[in-house]
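The values are calculated or read from the model by the stated rules, or taken from the named source; none is laboratory data. On a predicted model such as this, the values are computed, not experimentally measured, just so you know. Cβ sites come from the backbone with ideal geometry, for glycine too, and all protein chains shown count toward neighbours. Ligands, DNA and RNA are excluded from the accessible area calculation, which covers all protein heavy atoms including side chains. Shrake-Rupley method; radii C 1.70, N 1.55, O 1.52, S 1.80 Å.
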Amino acid sequence: MSDKPAVVCEGLSCTLPSGVQALRDVSFRLQAGGLTAIIGPSGCGKTTLLRIAAGLARATSGRIQFLRRDGSADPIRAGHLAVCFQDARLLPWRKVVDNVALPLELAGVGRRERVARAEAVIHAAGLDGAQSRLPAQLSGGMRMRVALARALVTDPTVLLLDEPCSSVDEFTRMQLDEEILRVWQDSGATTMLVTHSVSEAVFLADEIVIMRRARVHSIHRVALDRASRDRTSHAFSQEVELVMRSLAVAAGVVVP
Amino acid sequence: MKRLSEKMREIAAPLIAVGVIAVAWEVAVIATGVSPLLLPRPTAIGQTMWMNSEMLLSATVQTAIAALSGFAIATTLGIIGGSVIAAVPVLRRSIYPLATIVQMVPLVAVAPLFVIWLGFGLPTAIAASAVVAVFPVLAATIDGLRSVDHGLREIFALAGASTWTRWRKLDLPASIPAIMTGLRIAAGLSVIGAIVGEFVSGYGGAHAPLGIVVMTAMREARTDLVFGAVALSAIVGFVLFGVVSIVGWLLVNRWHASGQSEMEIRR
Ligand SMILES: Nc1ncnc2c1ncn2[C@@H]1O[C@H](COP(=O)(O)OP(=O)(O)O)[C@@H](O)[C@H]1O
Ligand SMILES: [Mg+2]
């Protein structure tokens, strides 16, 4: 895991062409190999933050850096950083296996190797038997799994997930969360997970960054150790409640 | 392939309508006693076509070659040109509006120019066919490419794909539904263009195309033969249109959720 960079975000601000200020002086750090959740209301700038981290949008000021363990900056190359967007973004004419293998194909990996690697992540994402289906033949939850598998296929060191569960039901979300957890533990990638769900954040994250109105409101370190993250336990609901309270404060509906 | 047979039925329905109209026509001509010089009966047209089948078949082949070649050139130039124009903003602002205006020039007026440039015969018919058919392909390609999903483009940007790679693996396949719409229009236009080209440049003899058959028959006041040749040119257009429609449908159908319910029910 030592080769995974930390992601350091310093004083990041972003004014969109429309004049909307999507981010104001946002600072936080994603631990190397850690899983950080970003939580906040719609429109608070979460997607913008992730897009800047991925190099798809530019910050107006401030910066995001990927730092190696020795403190040197690591310029992120294609394939080392992977994004799973809010929508699955699959090519409708490609079978699942060819959608998953796309990043490898674009990186010039040969047919045989990329199919083998795609099949391995398809298995890890719980999509066995769906290899030769087209996206139109899959449920919403399965499409998100395909998108997740595609993000993982290059074995990235930084993984950015933008509300991967927002379009699926609670039942599928829990299953997908198990998948995300396993995948993160297997890969050890430095992961940023944008979510709306407090229980999802508590279940998956080491740290929870609570955002509001384009700013970081507070950062919550999840006190539960990984082994005891049982959704049905008392400790788990207490932790959820704690984060809920921070959220309520951020939303201004209770006084701290 | 249940949906394919549905598509076939869609194509068969207008054929049946043609049959009904032919019967009504026949009855109307007999009932009113119109001179066959003005309006021959469908059966008389059929008889004439049968008696001249060898000549008409050869003419149809000639015209089909011109239309098909024109269509192929229009498809190639339309897709390449459209892709270049869509990719280069300066061209999109300059050439595209210009092409829209040029497209409004009546072909019949321009066709003689092709005779000057290309001489009499097949090349002029092909050129005329390509020129009328290219615009809908060009416009459809540009429309298709401009509406490629931005989110999908980001997937390619993240992977560091070149413009050329993205065009091959994303832009072009994603534009196929739009391009197919353009090709269906171009299919009909390519036959019209070929016939107009033949009017001005074709010559008689063993390899006379349909355009020349029509002109000759008109001069000889053989109305039934004019109708026969016109019917055959319509059939060339119809077949081309049908083939393009079926190919387009086969390519695109499986992408959409509409194909899903059926596939899942069968399972
Ligand atoms: N393409 C865009 N053009 C204009 N405004 C945008 C665009 N994308 C997002 N915004 C605005 O920027 C703000 C932050 O959006 P976003 O980062 O998508 O928030 P979140 O992901 O937290 O819901 C919102 O006010 C949104 O309306
Ligand atoms: Mg968002």
Problem set entry | DSSP-defined antiparallel bridges as percent of all bridges, the protein assembly as shown, nearest 5 | 50
Problem set entry | Dipole magnitude of region B:57-266, debye to nearest 20 (Cβ charges: Lys/Arg +1, Asp/Glu -1, about Cα centre) | 380
For this session: Report the extension gain between residue B:8 and residue B:61 in nm, rounded to one decimal, defined as 0.36 nm multiplied by the number of residues separating them, less their alpha carbon distance.
Result: 16.6 nm
Exercise. Taking the Cα centre of the protein assembly as shown as origin and charging only Cβ (+1 Lys, Arg; -1 Asp, Glu), how large is the dipole, in debye to the nearest 20?
Worked result: 580
Exercise. Counting Lys and Arg as +1 and Asp and Glu as -1, each charge on the Cβ, what is the dipole of chain A about the Cα centre in debye, to the nearest 20?
Worked result: 700
Problem set entry | region A:51-176, accessible area per residue, ligands and nucleic acids excluded (1.4 Å, Å²) | 43
Exercise. Peptide B:99-112: average number of partner chain Cβ atoms within 10 Å per residue?
Worked result: 0
For this session: Apply 1/(1 + (r/R0)^6) to the Cβ-Cβ distance of residue A:166 and residue B:165, taking R0 = 25 Å, and write down the FRET efficiency to the nearest 0.05.
Result: 0.25
Problem set entry | Relative contact order for chain A, counting Cα pairs under 8 Å that sit 6 or more residues apart, in percent | 25
Problem set entry | Among B:30, B:180, B:109 the positive-end extreme of the charge dipole of chain B (Cβ point charges) | B:180
For this session: Please label the shape of region B:57-266 as rounded, prolate or oblate, based on the square roots a ≥ b ≥ c of the eigenvalues of the alpha-carbon gyration tensor (a/c under 1.5 means rounded; beyond that, a/b larger than b/c means prolate, else oblate).
Result: oblate
Seminar exercise, completed: One would report the antiparallel percent of DSSP beta bridges in region A:157-256, rounded to the nearest 5, as 55
For this session: Rank these by accessible area, largest first, 1.4 Å probe: B:203, B:96.
Result: B:203, B:96
Exercise. How many nm separate the modelled label positions at residue B:147 and residue B:34, each set 7 Å beyond the Cα in the direction of the Cβ?
Worked result: 4.1
Seminar exercise, completed: Full extension between residue B:80 and residue B:98 adds, at 0.36 nm per residue less the Cα distance, a length in nm of 4.8 nm
Exercise. What nm distance separates the two modelled labels at residue A:3 and residue B:108, each placed 7 Å from Cα along Cα→Cβ?
Worked result: 7.2
Exercise. Under 15 Å from the Cα of residue A:4, which aspartates and glutamates turn up, not counting those fewer than eight places away in the same chain?
Worked result: A:70, A:74, A:155, A:186
Seminar exercise, completed: Each label sits 7 Å from Cα toward the beta-carbon; between residue B:120 and residue B:157 the label points are separated, in nm, by 5.9
For this session: Please work out the Cα center distance from region B:36-63 to region B:119-143, rounded to the nearest Å.
Result: 28
Exercise. If you count, for every residue in A:134-141, the Cβ atoms of partner chains within 10 Å of its Cβ, what is the mean?
Worked result: 4
Exercise. Which of A:72, A:197, A:187 moves the most in a Gaussian network model of chain A with Cα springs under 10 Å?
Worked result: A:72
For this session: Show me A:54-63, A:26-35, A:129-138 ranked by packing, highest mean number of other Cβ atoms within 10 Å first.
Result: A:26-35, A:129-138, A:54-63
For this session: Could you order B:100, A:191, B:163 so the one with the most accessible surface comes first? Probe is 1.4 Å.
Result: B:163, B:100, A:191
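How much length would be gained if the chain were fully extended between residue A:230 and residue A:63, taking 0.36 nm per residue of separation minus their Cα-Cα distance, in nm to one decimal?
Result: 56.5 nm gained on full extension.
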Seminar exercise, completed: When every protein chain stays in place and a 1.4 Å probe is rolled, A:160, B:77 sorted by accessible area with the largest first are B:77, A:160
Problem set entry | Residue (of B:228, B:67, B:135) at the positive-pole extreme of region B:57-266, dipole from beta-carbon charges | B:135
Seminar exercise, completed: quick note, region A:55-212, DSSP beta bridge pairs, % antiparallel (nearest 5) is 10
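Return the average number of partner chain Cβ atoms within 10 angstrom of each residue Cβ along peptide A:92-99.
Working: counts 9, 8, 3, 0, 0, 0, 0, 1.
Averaged over the peptide's residues, the number is 3.
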For this session: Run down the aspartates and glutamates and flag those whose C-alpha is under 15 Å from the C-alpha of residue A:95, throwing out any fewer than 8 positions away in its chain.
Result: A:105, A:119, A:128
Seminar exercise, completed: Distance in Å, no decimals, from the C-alpha centre of region A:129-171 to the one of region B:213-234 is 62
Seminar exercise, completed: Reported to the nearest 10 Å², residue A:25 has, with a 1.4 Å probe, an accessible area equal to 100
Problem set entry | Qualifying trypsin sites (Lys or Arg not before Pro) for region A:139-228 [loop in DSSP, other Cβ within 10 Å: at most 14] | A:213
Exercise. With every protein chain left in place, what is the accessible area of residue B:235 in Å² (1.4 Å probe, nearest 10)?
Worked result: 90
Seminar exercise, completed: Heavy-atom accessible area of residue A:220, protein chains in place, probe 1.4 angstrom, given in Å² to nearest 10, is 20
